[in-house]
Amino acid sequence: MEFKDAFGLFNYWIVIVLMMTGLYIVVSRGNLVKKIVGLNIFQTSVFLLYISMGKVTGGTAPILTGKPEVFSNPLPHVLILTAIVVGIATTALGLALVVRIKNAYNSIEEDEIQKLDLAAENEVDEPGARP
Amino acid sequence: MIALLVEAASWTFLLLGAFLVLVGALGLVRMPDFYTRLHPAGITDSLGADFILTGLVLQAGFSLVTVKLFLIGAFLFFTSPTSTHAIANAALVAGLKPRHAVVPPRPPEKATQDEEAR
Amino acid sequence: MISAHLPILQVIVPLIAAPLSAFCRRAGVAWYLSLVICAVSFAISIALLIQVLEEGHISYLLGSWAAPWGIEYRVDVVNAFVLMIISGIGTAVLPYARTSIAAEIEPHNQALFYTAYLLCLTGLLGMVITGDAFNAFVFLEISSLSTYALVALGAGTDRRALSAAYTYLVMGTIGATFFVIGIGLVYMMTGTLNMADLAARLQGLEHNRTVLVAFAFIVTGIGLKLALFPMHLWLPNAYAFAPSAVTVFLAATATKAAVYLLLRFLFTVFGIDYHILGLTMTWLFTPLALAAMFAASTVAIFQVELKRMLAYSSVAQIGYMVLGMSFLSVTGLTATIIHLFNHALMKGALFMVLGAIVLRQGAATFNTIRGLGRKMPWTMAAFVTGGLSLIGVPLTVGFVSKWYLVAAALESGRWPLAVLIVLSSLLAVIYVWRVVEAAYLEEPPADSKATEAPLSMLVPTWILIAANIYFGVDAGLTSRIASAGARLLLGVAQ
Amino acid sequence: MSGSTLLVLSLLMPLAGAVLIGLAGRSPNLREAVTMTTAAALFAIVIALLMRFNAGPAPEVMLQEVMPGLKLALKIEPLGMMFAVIASGLWIVNSIYSIGYMRGNKEKNQTRFYICFAIAIMSAIGVAFSANMFTLFVFYEVLSISTYPLVAHKQTPEAKASGRTYLGLLLGTSIGLMMVAIIWTWVATGTLDFTKGGILEGKVSGALAPLLLALYVCGIGKAALMPVHRWLPAAMVAPTPVSALLHAVAVVKAGVFTVMKVAVYIFGVDFLAKTGAATWLMWLAAFSLLAASIVALGKSNLKARLAYSTVSQLSYVTLGAALATSMGVMGGSMQIAMHAMGKITLFFCAGAIYTATHKTEIPDMDGLGRAMPFTYGAFLIGALSIIGLPPMGGSWSKWYLLIATADTGQLVMMLVLMVSSLLNVAYLLPIVGRGFFAGSDAPPAHGAVHAAGAAPAPDTRLRAIKEAPLFCVLPPCLTAAGCIALFFYADSLYRLLEPITRP
Amino acid sequence: MESVINMALLVFLAGTAFAILRRTTLFSVVMLSGVFSLVSAALLVHLDAVDVAFTEAAVGAGVSTVLMLSTLALTARHEAPGTRSRAIPLIVVFLTGLALVYGTLDMPRFGDPSAPVHQHVAPRYISATAHEIGMPNIVTAVLASYRGFDTLGEVTVIFTAGIAVLLLLAGTIREPTTATKITAMEHHLVLRVVTKVLIGPILLFALYVQFHGDYGPGGGFQAGVIFAAAFIIYALVFGLETAGNALPGRAVRILLALGVLIYSGTGVVSFFFNKNFLDYSVLGATAQAGQHIGIILVEFGVGMTVAAVMVSTFYAFAGQNPPIGDEEW
């Protein structure tokens, strides 16, 4: 792996670092909003992976200008446009859930919510209190 | 010849704009408290951006791009001062007192009290 | 004219119906519209199945663009069968859902519930029918998002539905993102997204490390969606606290679509002779499946809440499907494909019974079902039959799947596996009989005013139970389709 | 009516009966009448099938093809015919008895009792007439599940506990081991049909045959071989007509019948002899024989003792199958019939004693013989038939088993049979002896005091005890007479069973 | 030179991500995630993905920050210190990262023109778009026509999100009584004046982006978001109730559904001309004209649904009764 090779992959390695930071935030943090931010980072870095695979050195944006030019690959761009929508949809839904959880449990920390659930379960096997 | 002159002018504008943005960034870091930081943020927003925009206009010459750049300039002209105003207003309403407030002459111990109060 | 456009109509009909149902103000109108649409989509799926059984496979080019460039729908015997399962269960659940939802969900949400239901159906159908990898991801997301919302609707009766939906969302999104990473890496090495084209171009990349990592990510991603054993933590809470009608629909279809997707990627895209496939099967899938069967069943035995108990039993049944897959033989795959159908019938009926109990008693736990055998005779009789089918007593669908699974285990020469399969189904005897004993051999509490479930819930339950028995007695059709699908997936001559 | 419609009718009749009983649940008399007519009709059908079987080709019918190659089909062969005759015949007697017993003891939810009874008999007939191992397994499972409500009839905590062990063991062994064996056979041979001379020839290697046989025999929990016999004593908590059904008419008989069919039609007698796959089974049966009898000696509860006696008597049949000779098969098959008749008599008497005096422990039953002469007379005849003394049918089956041990030179087995007969004497005859001759002075337990009967007993206390109601005494006498009749008409039974012994 | 800018932006992104990981005040975390999106948008521009950059900026920096801030307003400010052990997450993340790095070893180098991705399917798009669809922006061509069904899926996804948020939050929206008047920032005179001035151009720009999508970066999705941004500013400054008069909740719900119907309607039309679903060639005189009409219609549907979803989501979030007074902002 001489330097030129390693340098070529360096781009992907940093994207992987970003992905893992996002995943780490989701897996390790208990705060529900922080988890969603982590999820956002994880997904955005996946978009970067897709786009950086579509880039051609010396290519320009895939917009025809009549003059023959080298274009970057348009397909990853299309895929990522859809993926961004999926990302924002999941974030919106997650945040709505966080608001409802705050109303129901008056907390957005996972550990506190689990404690409240266990308390409700041991106290009596009736379904949890009304929200 | 003219092209060379225009090129040099745009480069000077761009470099000047970049320098101003750098100054603004440094200012943000160095300034002691919130209100004083607003000033360097203002620098980057107004002057820095304008210089870069004019530099780009010179680069683009007479074309649709120039019109768009002017539109961006106009948009920035409206939004950046308003956003600075909004932030400052919100901070004041939220009760954040400027640290070295210039207070009309009154006994020194009052000022120190302000110090502790904040 | 219509029959030429059947594949796309299968997805478009519920997709267009969803916004239309969003217009309806009253729940009744939305329910009626969804019922008609589901019936139409079920009819389409049957027509598709018949067409596929005659012609082999159908290809439908979207926007008339040729295959690798545009998106292509490939319908063959395997996904036509899964389509029929999903739309069939979708149609059966709706008449049941009307009363069940009216009791469990806040009034203002009931109209939009049917929109989310139709979107979930669209997502599942779209995911199963498509021949394009990325399109499968998009429709997987549609079904997942609507599922998170449907599960969260359980908050009408129990606030724990919200935290269950949140956990499901986080794990589901991680799974979907892993799946996208996998597709991205495979796309990077082949340049195409069409599954058939992918399979062709992957042949040359036997020992490519990127394809190997892509395989791992795709399997983990779908595994998460599938609730394969170590990654099943979201399933019990999601199924236990979702509204009963939603649990019925999810338990019977959502995991099936994910299993189908796993089958499609493992056997069509990566192909049977992909060197890692054999290894993963023996060293990863078989132990995980066995762990799922035993651990989940043992946990199910100690549950107090019946819906959570059946949720754990679902995790065990998924273990059966994955075990069937791991034999890499025609009988093994037949077992998996037929268990998709059988498990949908079994779990659909059982969860419908629990929904009826929740409607009448407020909750389905061991102390609310005491002595229900006399109070709700038809409902509890349905539970007994469903339970027997779960155990795998002859003349029920459960027996047919067990038969093929054990036969596959014996054919592959690993007879201890056969004994393990049968032992784990004995665990099912324990937790089913705990319920039967509580329902029949104990006296109902004096003040219990439970009455028999309404007819609108009983009829769909008994339709599924009748199907449970009919396809147990005459399993000719289902086993013919399943073995045709298995041979197709393995590329063995028909 | 053709043979096949008769066959289908033999299954539908008890099913229809069960439905009608359910409908007639309100009025007990109508319900009882329906049970009786169904039992009689079934017996008539079975006899008609017997006539047709003796006359022409064996009737058979294919009901349904469940999976490609797996069919639900019925076909008559000698063993099945015998078992069907026993089951339907004894059902009539048992119905009479259960009417008397249920009314006598005023048991609750009797409708459920009769429905499950009818379904159990249907599945017994199904097991008898099944043409392949798959159909047999199907009806075997239906039998297990339909008898569960009978065992847990009283709904008391220990009834539920014994119900749990009953079902747990039966379903456990059948799904756990038997199903695996069946699928193994299906995978190895491609067919499950019962064919004379067995289907495993050349398909399953000599080394694996004992393992397959082990899976089969231990899987058939109903045959109550020693390791899996726990459910039988646990089922004693059920009312006596159920124990009678369990022990004599349907459940255990289905078990040993399946063992015999597997040995004869799946493995084939000469395949067993050639590979010696059944030697281990022979020793296990012998051990089970002796151990059960010794345990029966120790039991003071009458029904428990009879239960363990059943466990040992069943091992005779398994022993017969394990000896792998034609005489062994003949002896084993006859033992099914003889034991059914003998054991049902003993159970009826035990039930009658319980109904009349509510006594269950043998030490309390001293001197009852003089008070209840008919019951104890029937008990004596039944006991003699079980022991195998000449005037009773039981002797023939023991006789053929002895010849079989001689044929195969298994002298140890002959000794085992001798010792077992002695043990039978040891635990059965003292009951009769104490009944008639021990005029003990111990005050009788508070029995149901009837009007002073004309019992000639000198002691006033004994005079208080009278015979059980007629319906409880008549059936044991009939079955006792049956034991004696079997001795004289054993020849027709021999001719019926003879074809299966010829290779 | 190009790769230097690349590296700089990527390192900057990594720095932002670590900052987000470390910070505990949620307000700064949300702001940093806005920065993260903006910088990644800049990087995307650098990687020639102009459409994606536009969307990422509009969505990442714009909408998700707005939604997160309104969630913070309704929930909590600080993250409780984590009690759980960090070991297992670290191991899981490390292993996944290792697997990915192992996967990159056989990847074609960054920007390598001979990579398989550029050989198989993409060349046809680049060469055929000119005569088949006749549209300069290849991405919009592929997005709306070649893989049009993916975009229909995308519209359905955003429609599902809209319905889901309505299902979850519609129940607890408090009636816009006079009480909500105080949230209208009367005393923010400057903001009110500037907003009035800006809303016009913003809407105009949204329409420009909507129909300029064929020729340059832009399209239905970005236009929808900008359109919604205009209404969000209006609602923020002039209060939810006045915004409700301009674009009532019921109308938004109808627009929500109408967008999807327009899109799928365009597809269904081709059935009647006996062509496959989403085949636009039948719509116009010539095939190419048909493609143009089809793409414009489809983009219009996307724009409408996206705008409606963003507005209805904001209404749902802003409509909740905030536990803290407005002054605490």
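Structure values in brief
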quantity	calculated
Answer residue from segment C:162-186, given it is among the polar types (S, T, N, Q) and facing chain A (nearest Cβ under 7 Å) and is surrounded by the fewest Cβ atoms within 10 Å (Cβ to Cβ) among those	C:Ser163
Subset of segment A:23-42 [at the interface with chain E (Cβ under 7 Å from one of its Cβ atoms) and either assigned to a helix (DSSP H, G or I) or farther than 23 Å from E:Ala61 by Cβ (or both)]	A:Leu23, A:Tyr24, A:Ile25, A:Val27, A:Ser28, A:Gly30, A:Val33, A:Lys34, A:Val37, A:Asn40, A:Ile41
Scan of segment E:113-122 for residues that are more than 7 Å from every other protein chain (Cβ to nearest Cβ) and surrounded by fewer than 16 Cβ atoms within 10 Å (Cβ to Cβ), ordered by number	E:Ser114
Any chance D:Glu141 is of a type in the set (Asp, Glu) and in contact (Cβ under 8 Å) with a residue 60 or more places away in the chain	no
Any hit, segment A:115-128, residues being β-branched (Val, Ile, Thr) and at the interface with chain E (Cβ under 8 Å from one of its Cβ atoms)	no
Of residues in segment C:273-300 being touching a helix residue (DSSP H, G or I) at 6+ places or on another chain (Cβ under 8 Å) and surrounded by fewer than 16 Cβ atoms within 10 Å (Cβ to Cβ), the one nearest to C:Trp433 (Cα to Cα)	C:Thr298
Subset of segment B:56-88 [more than 18 Å from the chain's Cα centre (by Cα) and within 19 Å of B:Leu15 (Cβ to Cβ)]	B:Leu56, B:Val57, B:Leu58, B:Gln59, B:Ala60, B:Leu69
Any hit, segment B:41-59, residues being in contact with a Pro (Cβ under 7 Å, 6 or more places away or on another chain), in a helix (DSSP H, G or I) and buried (at least 17 other Cβ atoms within 10 Å of the Cβ)	no
Some residue of segment C:448-461 being within 13 Å of chain D (Cβ to nearest Cβ) and either surrounded by fewer than 19 Cβ atoms within 10 Å (Cβ to Cβ) or in a loop (DSSP other than H, G, I, E, B) (or both)	no
Among (1) over 15 Å from C:Gly319 (Cβ atoms); (2) in contact with a helix residue (DSSP H, G or I) (Cβ under 7 Å, 6 or more places away or on another chain) - the single one C:Ala409 does not satisfy	(1)
Counted residues, segment C:193-213 - those being at pLDDT below 90, in a loop (DSSP other than H, G, I, E, B) and at the interface with another protein chain (Cβ under 10 Å from one of its Cβ atoms)	2
Selection count, segment E:71-84, where residues are facing chain A (nearest Cβ under 7 Å), surrounded by fewer than 12 Cβ atoms within 10 Å (Cβ to Cβ) and either touching a residue at least 40 places away in the same chain (Cβ under 8 Å) or touching a strand residue (DSSP E or B) at 6+ places or on another chain (Cβ under 7 Å) (or both)	0
Residue in segment E:120-143 that is in contact with an Asp or Glu (Cβ under 7 Å, 6 or more places away or on another chain) and either assigned to a helix (DSSP H, G or I) or closer than 30 Å to A:Leu32 by Cβ (or both) present	yes
E:Val260 vs. criteria modelled with pLDDT of 85 or more and either over 22 Å from the mean Cα position of the chain (by Cα) or not assigned by TED's automatic domain parsing to the domain that holds E:Leu143 (or both)	no
Pairs, first more than 12 Å from chain C (Cβ to nearest Cβ) in segment D:182-195, second charged (D, E, K, R) and assigned to a helix (DSSP H, G or I), C-beta under 9 Å, six or more apart	D:Phe194/D:Lys261
Members of segment D:152-197 found to be at pLDDT 85 or above and either in contact with a Pro (Cβ under 9 Å, 6 or more places away or on another chain) or hydroxyl-bearing (Ser, Thr, Tyr) (or both), listed by number	D:Ser162, D:Gly163, D:Thr165, D:Tyr166, D:Thr173, D:Ser174, D:Met179, D:Thr185, D:Thr189, D:Thr191, D:Thr195
Residue count, segment A:48-82 (criterion: facing chain E (nearest Cβ under 7 Å), in contact with a Lys or Arg (Cβ under 9 Å, 6 or more places away or on another chain) and in a helix (DSSP H, G or I))	3
In segment E:106-152, the residues that are over 20 Å from A:Ser52 (Cβ atoms) and more than 27 Å from the chain's Cα centre (by Cα)	E:Arg124, E:Ser127, E:Ala128, E:Ala130, E:His131, E:Glu132
Filter result for D:Tyr354 (more than 27 Å from D:Gly331 (Cα to Cα), touching a residue at least 12 places away in the same chain (Cβ under 8 Å) and out of contact with any Leu (no Cβ under 8 Å at 6 or more places or on another chain))	yes
E:Phe231 being surrounded by 24 or more Cβ atoms within 10 Å (Cβ to Cβ) and in contact with a helix residue (DSSP H, G or I) (Cβ under 7 Å, 6 or more places away or on another chain)	no
Residue match in segment C:345-361 (condition: in contact with a Lys or Arg (Cβ under 7 Å, 6 or more places away or on another chain) and under 30 Å from C:Glu411 (Cβ atoms))	no
Checking E:Asp48 against (1) under 15 Å from the mean Cα position of the chain (by Cα); (2) within 7 Å of chain A (Cβ to nearest Cβ), the condition it does not meet	(1)
Which numbered condition A:Ser45 fails, given (1) more than 7 Å from chain E (Cβ to nearest Cβ); (2) more than 19 Å from E:Ala61 (Cα to Cα); (3) crowded, with 19+ Cβ neighbours inside 10 Å	(2)
Hits in segment E:267-308 (condition: under 26 Å from C:Ile2 (Cα atoms), of a type in the set (Val, Ile, Thr) and part of a helix (DSSP H, G or I))	E:Val268, E:Val269, E:Val282, E:Ile293, E:Ile295, E:Val298
Criterion violated by E:Gly219 - all others in (1) touching a helix residue (DSSP H, G or I) at 6+ places or on another chain (Cβ under 6 Å); (2) at pLDDT 90 or above; (3) of a type outside the set (Lys, Arg); (4) within 20 Å of E:Ile158 (Cβ to Cβ) satisfied	(2)
Residues satisfying the stated conditions in segment E:85-111, i.e. buried (at least 16 other Cβ atoms within 10 Å of the Cβ), in a loop (DSSP other than H, G, I, E, B) and more than 7 Å from chain C (Cβ to nearest Cβ)	E:Pro108, E:Arg109, E:Phe110, E:Gly111
Subset of segment E:54-73 [over 20 Å from E:Arg23 (Cα atoms) and either among the hydrophobic types (A, V, I, L, M, F, W, C) or at pLDDT below 85 (or both)]	E:Phe54, E:Ala57, E:Ala58, E:Val59, E:Val63
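The values are calculated or read from the model by the stated rules, or taken from the named source; none is laboratory data. Computed from a prediction, not measured in an experiment: that's the story for all the values here. Please note: Cβ atoms are built from the backbone with ideal geometry, for glycine as well, and neighbour counts cover all protein chains shown.
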